[in-house]
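No lab work stands behind these numbers, since they all come straight from the coordinates. Quantities reported herein were computed from a predicted structural model and do not represent experimental measurements. All Cβ positions, glycine included, derive from the backbone under ideal geometry; neighbour counts span all protein chains shown.
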Amino acid sequence: MATVREGQQTALVVVDVQVGVVADAWEAPRVIQNVARAVDRARAQGVPVVWVQHHDHNLPQGSATWQWVPELVPSTGEPLIHKQFNSGFEQTTLEAELAQRQVAHIVLAGAATNWCIRATAYAALERGYDLTLVKDAHTTETMVMDDGTRIEAAQAVHDLNIAMTWLSYPGRRNATAEAGTLDFSAPG
């Protein structure tokens, strides 16, 4: 069983809202606006914002596709975590950054829903954090499988929102909330 986090603080974790990640994502302009709204609300409430940015062969570090979308600009002093795997926790300093701030509750937004958001959400819960998924501030692309089967982006977003509402972990709380109503005090 994971250790339930002792801290009392909340942090907004923004994952991979990068030019190349959201270029063809479902309802990207609306989702980016909602991520920006969540960032603004966090900053207004004194909640730390932690930025997680992916790089790999499709998103080379420093390339145009690797950059944050123009609507989202990390402020000076906000931690920037670089990652190479789906989970924001794998072989990164994310957990250390959160521990330094005594974070026990993560509010999560970004892309891509079915990869990095899902992996980071489950990793957070498995590491003992409470979690709120910002249900209108994450997105992905529709996937077309080799056999022609389509996994619609809207359905992937909906499925993860349901999972984060109904999952149950001992000693932890998880929920979803909309960007415009985030209060950052507790999950949900």
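Kindly indicate the residue of the stretch 82-96 that is touching a residue at least 12 places away in the same chain (Cβ under 8 Å) and more than 18 Å from Gly20 (Cβ to Cβ) and also surrounded by the most Cβ atoms within 10 Å (Cβ to Cβ) among those meeting that condition.
The first filter runs over the stretch 82-96 and keeps only residues touching a residue at least 12 places away in the same chain (Cβ under 8 Å), leaving 82-90, 92-95.
Next cut, more than 18 Å from Gly20 (Cβ to Cβ) only: 87, 89-90, 92-95.
On the way: Ser87: 23, Phe89: 22, Glu90: 13, Thr92: 16, Thr93: 16, Leu94: 26, Glu95: 16.
Step by step, filter the stretch 82-96, then rank; the result is Leu94.
Within the stretch 41-73, can you find the residues that are without any contact (Cβ under 8 Å) to a residue 40 or more places away in the chain, over 23 Å from Ala104 (Cβ atoms) and not in a loop (DSSP other than H, G, I, E, B)? Can you show your working first?
Of all residues in the stretch 41-73, those without any contact (Cβ under 8 Å) to a residue 40 or more places away in the chain come to 43-44, 46, 49, 51, 53, 55-58, 60-62, 70-71, 73.
Among the residues that remain, those that are also over 23 Å from Ala104 (Cβ atoms) are: 53, 55-58, 60-62, 70-71, 73.
Result: Gln53, single match.
For the stretch 74-188, list the helices (runs of 4 or more DSSP H) that sit wholly inside it and hold at least 1 residues that are more than 23 Å from Asn58 (Cβ to Cβ) and among the polar types (S, T, N, Q); which are they? Please lay out each step first, then the result.
On the way: elements: 94-100, 118-126, 153-166.
In the stretch 74-188, the matching helices (runs of 4 or more DSSP H) lie at 94-100, 153-166.
Mind listing whichever residues of the stretch 160-170 are in contact with a Lys or Arg (Cβ under 9 Å, 6 or more places away or on another chain) and surrounded by 15 or more Cβ atoms within 10 Å (Cβ to Cβ)?
Keep residues of the stretch 160-170 that are in contact with a Lys or Arg (Cβ under 9 Å, 6 or more places away or on another chain), which gives 160-161, 163-165.
Passing the criteria: Leu160, Asn161, Ala163, Met164.
Taking only the stretch 64-80 into account, find how many residues are buried (at least 17 other Cβ atoms within 10 Å of the Cβ) and among the polar types (S, T, N, Q).
0
Quick check on Ala99: is it among the small types (Gly, Ala, Ser), within 23 Å of Thr165 (Cα to Cα) and touching a residue at least 24 places away in the same chain (Cβ under 8 Å)? Steps first, answer last, please.
Numbers: among the small types (Gly, Ala, Ser): yes; within 23 Å of Thr165 (Cα to Cα): no; touching a residue at least 24 places away in the same chain (Cβ under 8 Å): yes.
For Ala99, the condition - among the small types (Gly, Ala, Ser), within 23 Å of Thr165 (Cα to Cα) and touching a residue at least 24 places away in the same chain (Cβ under 8 Å) - is not met.
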